[in-house]
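The values are calculated or read from the model by the stated rules, or taken from the named source; none is laboratory data. Bear in mind that the values here come from a model prediction, so they are computed numbers and not experimental data. When we count neighbours, we look across all protein chains shown, and the Cβ atoms used for this are built from the backbone with ideal geometry, even at glycine. Heavy atoms of the whole protein, side chains included, go into the accessibility calculation; ligands, DNA and RNA do not. Shrake-Rupley method; radii C 1.70, N 1.55, O 1.52, S 1.80 Å.
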Amino acid sequence: MTETRATRSGIPAAEGTYPPTEAMLAEPVPAELQRAQAERLRAAWAAPKGWRYWSAVNNTEVGVWYCMTAFVFMLMAGIMALIIRLQLAVPENDLISADRFNQLFTMHGSAMMFLFSVPLFEAISILLLPGLLGARDMPFPRLSAYGYWCFLIGGVFVIGSIFFDVAPRSGWFMYPPLATKDEGMGSDIWLLGLSFIEVASIAAAVELIVGTLKCRPPGMRVNVMPLYAWYVLVVGGMILFAFPPLIAGDFLFELERSFDWPFFDPERGGDPMLWQHLFWIFGHPEVYIIFLPSIAIAAMIIPTVARRPIVGYSWIVLSAVGTGFLSFGLWVHHMFATGLPSISLGFFSAASEAVVIPTGIQLFAFLATLMLGKVRVTLPMLWITGALAIFTMGGLTGVMLALAPFDFQAHDSYFVVAHLHYTLFGGMIFPVVAGVYYFFPFFRKKLLSERLGRWSFWLTFSGFNLCFLPMHLTGLFGMPRRIYAYPAGLGWDGLNMISTVGAFVIAAGFAVLAWDIVRPKGRQPQIPRNPWDAGTLEWSHDVPGESWGVRSIPHVTTRYPLWDQPGMLARMDSGRYYLPDAEEGRRETLLTSVIDAEPVQVQRVTGPTWITHLAAFFTGGAFIFPTFHWYPPAIVSGILAVACIIWWLWRDTARPPEDETKDVGLGLRLPTYASGPASAGWWAIWITMLGDATAFASVIFGFFFYWTARPDFPPDGAAHADGTLVALACAGFALSWAMTIGARELNRRGAVGAARLGLGLGPLLAIAASAALLGSVWTLAPTSHVYPAILWAIAVWVVAHSIVAVIMQAYCLAGSIFGKLTPRYDADLWNSTLFWHFHALAALVACAVLGLAPRLL
Amino acid sequence: MTDRHTPEKDSAEFAAEAGSLWRITFAPATWAGHFLLCYTLFATGCAKGWPVGTVRHGLIGMSVLALAVIALIGWRAYAQWSPRSTGRIVNPRGDAEDRHHFLGHAGFLLAVISFIGVVFVTLPLLLLEGCR
Ligand code: HEM
């Protein structure tokens, strides 16, 4: 075997037998040993009791809180919809004021999209994924907990604003100039509150992607992964590329609102179209981000009810990936009425039609599975059927809307509102409720009521059609959306009344569902372990519940292990498979390789803590104080948040282990530490940085957008960034980067002193470079014109990242001095270097744009 | 069967499947690149008053090229999937051979989708002209 970097570091390779032989698996585990192992595992994974319960980080706890919170936000947004419908029930109604009405529909849309749809996918996945993959937990449980607390704080802040009559009111896509010029703090709440939540969403997406790539059970190669896991990868990837442009947009937008930098103000060279581009680069994929997870749920339920493996596994996987790609080509289709060259619109119209193909393939694969199987119409299946019916209808009206000429007619009318809700209910609400019924026994170890479920279904389904079918007509009769009152006698009155009645019928359906979920079920007899006779791994769960995830991590070689690998369940329970014990009383899980899922490492997993709450609280402060223009407390909060995170990483992650390898059972010994691409942390950084790079690219896109769209960019005779200082900054960043890489290599070779020198000089160089970069734009006045403003924004972006980069170098230096980081255990240094690769690249691009572009264009 | 597992199992796997992973990503990437090229060149061309007819013909040429590239990738991926020679269209087994065929199948289907995508994006180029 060739000597590679990791072996050179001295970390031993895994050794022993893999894959396990049938003889090894057949050997029974002594009953006494089984009991003792189970006892130790239970103790290691127990969720804390009493008030400390809230410090839990187990995916089973955090996932439930996450789901319930998203569900409550959904109910609140639903109540807002009811008030909207009440106001519109009769013509010339004066139930609420126009301003209230604007707040209500903006908040309804924003909350449904940002506080319910996307978080719910992540919540369900956090809850479900370890079960599907036979893993103990997510790779970074504290990250999920932190994400959850951020979501809770941010969500309460955003949705709470409606009670103080200060909610945003410019529609859920916040078009400038309406939103930039809006008095009051509504827009700031939207921008900062939702950016905060988006950051948490990205954190969860990273966690889910790494979980799917590195925490699969041994033997589960990419071609036997459950379909849900594939969708997690696709949707996680889409979140990673779709949210950053929006965050970049929020960043520019908030700079305009707080400091009057004129990014979207045409009088000073800005352009509102930039916001529309950035918003819809996010917005259309968002529709599919919402809608693919529901297909994923359907893809789990349908094989179970049809009692046969899914038809066209690869086709479904590929359609999902294809949808992910194509959906990014759709962004301008929301701007058909904005006067772009018609050929440009043609490209997007084409992409919109193309995306129908993969969507259709997935639906046909489901139908084929149902036709070839012996279907039992269970409750989850009923909801899936409803979803199919509604979604197909929404798809048809969607094709109508994608035809550009028709869109000019229907644009901004109630036809759009109807289409939107058909796709969202069919593509999201119904499948998700199906998922709730299907997975509830897995989450809570109780069953939901069959009778209440049918009531809920028929109420919601008929109410839905009663509410939204007439809206197509209302729209074609010319009723525009977002109006708070309308005159009588335009043929809209009766239709609106029907819609309102329908809305309340939907509400009744949801009330039944909510009651069914929360009603006490203490007296229900114990449920069967696999109530639907499903074939996937999550149904190997323990009833009554245990918090260890799985008793032992199985060796999986089929797509439906519970159907195809008889005897597996009993062996899992007896602890025959991997990691059946927690000898040191610590939480551990198995990491496997990305493609073939061969076991490579035992990873320590972090346990209950309060530090995540503190970190989330201060992060919240850093985002929330600026809405009141209180910058000093915001900065203090930000510093405290960073301090909390450093404390948490320092104490509990990547510590040198006591033993270098560990026996994981079935004759296999695995290393307990990994650095670089073999470790989960490195993948997390890599994936996060992809998202970060996308955000940076969006800011740079802004620069070139102005150049194409505006004749006065850069304005004649404008002052440019100081060339010498830009060159100095460029050199400084490059050198600091070199120092970091050098330190990593030297440290590996045992030259610890030299490595420390590099890590000491690196921060100094980076600080000097940041100062030079700021200095180069210092004399430009960002409020005067968009050109200096965008140069400033780029500089600010790079300097903010430099702060993080410098902290990382200093963290590694401290680690080296205090014995956390050694030539052998150097994961932190690998991760920091990876961050620096991205940072240095961004800094060099920034320098090129600041220093060179104005002179060349 | 014993064999040594190193933490670099990942790099070894990526090396073994580098070809297939490359094929899987390359077809949609070609679509995306072609799409962005069409959009940006046209938008910039119209804004800056470039000769739009030339841009259009150039882009049609690019479409042909993109289609050829995707077709090539698709053909290679089809060979890897090899449903005819193995006689098996689906690859559900958890072994290295099925994984290899599966990645081929994946690459092939993505190439098909990307091909259709490029054809769709080319249509407006053929049907519309000018900046209005
Ligand atoms: C009880 C069920 C619901 C009812 C009765 C309802 C009703 C409405 C109405 C009447 C509007 C149009 C407001 C206007 O233009 O004046 C609207 C807008 C909207 N709804 Fe719903 N809705 C419901 C559920 C949902 C769900 C589940 C979602 C998403 C998952 C959703 C997302 C939206 C969005 C994004 C808008 C656009 C907001 C805007 O114009 O800024 N709605 N809804």
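So that you can scan it fast, the table gives a plain yes or no per residue for (1) within 14 Å of chain B (Cβ to nearest Cβ); (2) open to solvent by less than 10 Å² (accessible area, probe 1.4 Å); (3) touching a residue at least 12 places away in the same chain (Cβ under 8 Å); (4) touching an Asp or Glu at 6+ places or on another chain (Cβ under 9 Å):
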site	(1), (2), (3), (4)
A:Lys521	no, no, yes, no
A:Pro525	no, no, no, no
A:Pro544	no, no, yes, no
A:Asp564	yes, no, yes, no
A:Met572	no, yes, yes, no
A:Arg586	no, no, yes, no
A:Thr592	yes, yes, yes, yes
A:Val600	yes, yes, yes, yes
A:Val605	no, no, yes, yes
Query - Set A:Ala842, A:Ala781: member being of a type outside the set (Lys, Arg), crowded, with 16+ Cβ neighbours inside 10 Å and at negative phi - result: A:Ala842
Query raised in the report: Any chance segment A:190-213 includes a residue that's under 28 Å from A:His613 (Cα atoms), in contact with a helix residue (DSSP H, G or I) (Cβ under 9 Å, 6 or more places away or on another chain), open to solvent by 10 Å² or more (accessible area, probe 1.4 Å) and not in a helix (DSSP H, G or I)?
Result: no
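Take segment A:214-223 and flag every residue that is aliphatic (A, V, I, L, M) and in contact with a helix residue (DSSP H, G or I) (Cβ under 8 Å, 6 or more places away or on another chain).
A:Val222
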Report summary line: Flagged pairs (Cβ under 6 angstrom, 6 or more apart or on separate chains; first in segment A:158-175, of a type in the set (D, E, K, R); second within 14 Å of the ligand (Cβ to nearest atom)) are A:Arg169/A:Asn102; A:Arg169/A:Gln103; A:Arg169/A:Thr106; A:Arg169/A:Gly186
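Of everything in segment A:399-429 that's more than 10 Å from the ligand (Cβ to nearest atom), closer than 20 Å to A:Met113 by Cα and open to solvent by less than 20 Å² (accessible area, probe 1.4 Å), which residue is modelled with the highest pLDDT?
Kept after step one, since they are more than 10 Å from the ligand (Cβ to nearest atom), are these residues of segment A:399-429: A:399-411, A:415, A:419, A:422, A:426.
Then keep just the ones that are closer than 20 Å to A:Met113 by Cα; that gives A:415, A:419, A:422, A:426.
Checking the rest, the ones that are also open to solvent by less than 20 Å² (accessible area, probe 1.4 Å) come to A:415, A:422, A:426.
Values: A:Phe415: 87, A:Tyr422: 91, A:Gly426: 88.
That would be A:Tyr422.
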Report summary line: Checked against (1) among the aromatic types (Phe, Trp, Tyr); (2) more than 16 Å from the ligand (Cβ to nearest atom); (3) open to solvent by 30 Å² or more (accessible area, probe 1.4 Å), A:Phe504 satisfies every condition except (2)
Query raised in the report: Within segment A:70-81, can you find the residues that are within 7 Å of the ligand (Cβ to nearest atom) and over 24 Å from A:Val501 (Cβ atoms)?
Result: none
Query raised in the report: What number goes with the only condition from (1) over 30 Å from A:Leu537 (Cβ atoms); (2) at pLDDT below 85; (3) among the hydrophobic types (A, V, I, L, M, F, W, C); (4) away from the ligand (no atom under 14 Å from the Cβ) that A:Ala389 does not pass?
Result: (2)
Query - Any hit, segment A:51-59, residues being within 21 Å of A:Ile153 (Cβ to Cβ), touching a helix residue (DSSP H, G or I) at 6+ places or on another chain (Cβ under 6 Å) and part of a helix (DSSP H, G or I) - result: yes
Requested in this report: Using the structure shown, decide if A:Leu728 is surrounded by fewer than 20 Cβ atoms within 10 Å (Cβ to Cβ) and not β-branched (Val, Ile, Thr).
Outcome: yes
Report task. Select from segment A:607-650 the residues that are open to solvent by less than 30 Å² (accessible area, probe 1.4 Å) and not in a helix (DSSP H, G or I) and list them in ascending order. Result -> A:Gly607, A:Thr609
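Out of all the residues in segment A:61-72, which are hydrophobic (A, V, I, L, M, F, W, C) and either touching a Pro at 6+ places or on another chain (Cβ under 6 Å) or open to solvent by 10 Å² or more (accessible area, probe 1.4 Å) (or both)? Outline the logic, then answer.
Going through segment A:61-72, the residues hydrophobic (A, V, I, L, M, F, W, C) turn out to be A:62, A:64-65, A:67-68, A:70-72.
A:Val64, A:Trp65, A:Cys67, A:Met68, A:Ala70, A:Phe71, A:Val72, listed by residue number.
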Requested in this report: Scan segment A:784-802 residue by residue and report those that are open to solvent by 30 Å² or more (accessible area, probe 1.4 Å) and either hydroxyl-bearing (Ser, Thr, Tyr) or over 29 Å from A:Arg855 (Cβ atoms) (or both).
Outcome: A:Ser784
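Residue-by-condition table, conditions (1) within 22 Å of A:Gly184 (Cα to Cα); (2) open to solvent by less than 10 Å² (accessible area, probe 1.4 Å); (3) in contact (Cβ under 8 Å) with a residue 40 or more places away in the chain:
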{"position": "A:Gly249", "(1), (2), (3)": "yes, yes, yes"}
{"position": "A:Ser258", "(1), (2), (3)": "yes, no, yes"}
{"position": "A:Asp271", "(1), (2), (3)": "no, no, yes"}
{"position": "A:Leu278", "(1), (2), (3)": "no, yes, yes"}
{"position": "A:Val287", "(1), (2), (3)": "no, no, yes"}
{"position": "A:Ser294", "(1), (2), (3)": "no, yes, yes"}
Requested in this report: Could you list all residues from segment A:438-488 that are among the aliphatic types (A, V, I, L, M) and within 10 Å of the ligand (Cβ to nearest atom)?
Outcome: A:Met471, A:Met479, A:Ile483
Query raised in the report: Cβ-Cβ below 7 Å, separation at least six or inter-chain, first residue in segment A:416-431 and away from chain B (no Cβ under 14 Å) and within 16 Å of A:Pro470 (Cα to Cα), second open to solvent by 10 Å² or more (accessible area, probe 1.4 Å) and near the ligand (Cβ under 6 Å from one of its atoms): which pairs?
Result: A:Val416/A:Arg481; A:Val417/A:Arg481
Query raised in the report: Across segment A:698-754, what is the number of residues that are part of a helix (DSSP H, G or I) and in contact with a Gly (Cβ under 6 Å, 6 or more places away or on another chain)?
Result: 8
Query raised in the report: Taking A:Leu128, is it open to solvent by 20 Å² or more (accessible area, probe 1.4 Å) and assigned to a helix (DSSP H, G or I)?
Result: no
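Conditions tested, residue by residue: (1) among the aromatic types (Phe, Trp, Tyr); (2) more than 7 Å from the ligand (Cβ to nearest atom); (3) within 14 Å of another protein chain (Cβ to nearest Cβ).
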{"site": "A:Ile83", "(1), (2), (3)": "no, yes, no"}
{"site": "A:Ala89", "(1), (2), (3)": "no, yes, no"}
{"site": "A:Glu92", "(1), (2), (3)": "no, yes, no"}
{"site": "A:Phe105", "(1), (2), (3)": "yes, no, no"}
{"site": "A:Met113", "(1), (2), (3)": "no, no, no"}
Report task. Give A:Val799, A:Val849 a once-over and let me know the one that is within 27 Å of A:Tyr706 (Cβ to Cβ), assigned to a helix (DSSP H, G or I), modelled with pLDDT of 95 or more and over 25 Å from the mean Cα position of the chain (by Cα). Result -> A:Val799
Query raised in the report: For B:Arg88, all conditions in the list (1) modelled with pLDDT under 80; (2) farther than 23 Å from A:Val311 by Cβ hold save one; what is the number of the exception?
Result: (2)
Query raised in the report: Which of the residues that make up segment A:131-180 are of a type in the set (D, E, K, R) and under 24 Å from the mean Cα position of the chain (by Cα)?
Result: A:Arg136, A:Asp137, A:Arg142
Requested in this report: Return the residue satisfying two criteria in turn: it lies in segment A:149-179 and is modelled with pLDDT of 85 or more, open to solvent by 10 Å² or more (accessible area, probe 1.4 Å) and among the aliphatic types (A, V, I, L, M), and of such residues it is nearest to the ligand (Cβ to nearest atom).
Outcome: A:Ile162
Report summary line: Taking segment B:98-118 and keeping only residues that are surrounded by fewer than 23 Cβ atoms within 10 Å (Cβ to Cβ), under 13 Å from the mean Cα position of the chain (by Cα) and over 15 Å from B:Arg76 (Cα atoms), one is left with B:Ile116
Query raised in the report: Of all residues in segment A:474-501 being modelled with pLDDT of 90 or more and open to solvent by 50 Å² or more (accessible area, probe 1.4 Å), which is farthest from A:Thr378 (Cα to Cα)?
Result: A:Met497
